[in-house]
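The values are calculated or read from the model by the stated rules, or taken from the named source; none is laboratory data. All values reported here derive from a predicted model rather than from experimental measurement. Here the Cβ positions follow ideal geometry from the backbone for every residue, glycine too, while neighbour counts run over all protein chains shown. Areas reflect the complete protein model, heavy atoms only, side chains present, ligands, DNA and RNA absent. Shrake-Rupley method; radii C 1.70, N 1.55, O 1.52, S 1.80 Å.
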Amino acid sequence: MLANILTFSRIFIAIFIPCFIFMGRSDFLLLDVKIVYFVSFILFILAALSDFLDGWIARKKDQESEIGRILDPIADKLLVILALVPILINFNHILIFFPSIIIIFREILVSGLRESLKSNDLILEVTKLSKWKTASQLIAVASLLLYLSFPILSFPIWINNLPLFMGLIFIWLASILSIFTGFNYIYKVVSFYKKEKV
């Protein structure tokens with residue numbers, strides 16, 4: 001199915017982006033590192049668009065499948081986490097490091113919570129707040145990748161700094177939403193297990 005193909009392509013891009021960036025930074029590819037970041041930005045945008053498309057296709061054509069439900073959130077988390085790793089290494093700043101760690105920790109935690117509930121009846125539905133969190137993450141990562149590639153595009157300095165400004169705003173917004181949604185999921189799981197014991 002096309003929806004599942006898009007999900008698999010997102011997983012592939014998620015793995016490819018950090019490998020491509022690290023090879024570019026080590027001069028393995030013999031490319032200007034700014035070109036490497038710009039290509040990574042384009043790939044990330046395509047992957048983010050596929051996230052919207054595969055869900056839309058699955059609902060529109062009634063192609064929702066069990067493997068799609070399992071892989072779709074995994075693909076989203078891989079895309080964000082693996083793209084954040086080279087960004088963290090490049091910036092090496094508390095303003096990027098702290099919110100990124102919160103985001104990565106929350107993504108792994110929620111995945112673990114969902115895994116722990118597989119054998120039970122509780123399903124952690126994606127909330128509207130979680131969707132805003134995901135959108136903020138995607139905007140943040142895309143903005144920071146674009147900022148890292150901008151010097152090669154020779155724009156005025158205020159335009160060069162605009163993606164960095166956006167990236168900082170949205171990565172902090174995403175981290176705050178990660179805390180709220182993370183605690184919300186924890187509360188649901190704890191409440192569920194308390195009822196199970198009664």
For residue 117, list long-range residues whose amide hydrogen, built 1.01 Å from N in the peptide plane, is under 5 Å from its own amide hydrogen. none
About its Cα centre, the range 64-115 carries a charge dipole, from +1 on Lys and Arg Cβ atoms and -1 on Asp and Glu Cβ atoms, whose size in debye to the nearest 20 is 220
Determine ³J(HN,Hα), in whole Hz, for all residues of the range 141-150 in sequence, where each value follows from phi through the Karplus function 6.51 cos²θ - 1.76 cosθ + 1.60 and θ = phi - 60°; x replaces Gly and Pro. 5, 4, 5, 5, 5, 5, 4, 5, 9, 5
May I ask for the distance between the Cα centers of the range 13-37 and the range 94-109, given as a whole number of Å? 23
Could you tell me which of the pairs 133/188; 60/195; 60/194; 60/188; 34/77 are separated by over 28 angstrom between their Cα atoms in the structure shown? 60/195; 60/194; 60/188
Extension length gain for residue 69 and residue 180 (0.36 nm per residue less Cα distance), in nm, is 37.6 nm
Tell me the accessible surface of residue 106 in square angstrom (1.4 angstrom probe, heavy atoms of protein chains only), to the nearest ten. 10
If you stretched the chain out fully between residue 42 and residue 109, how much longer would it get, using 0.36 nm times the residue separation minus the C-alpha to C-alpha distance? 21.2 nm
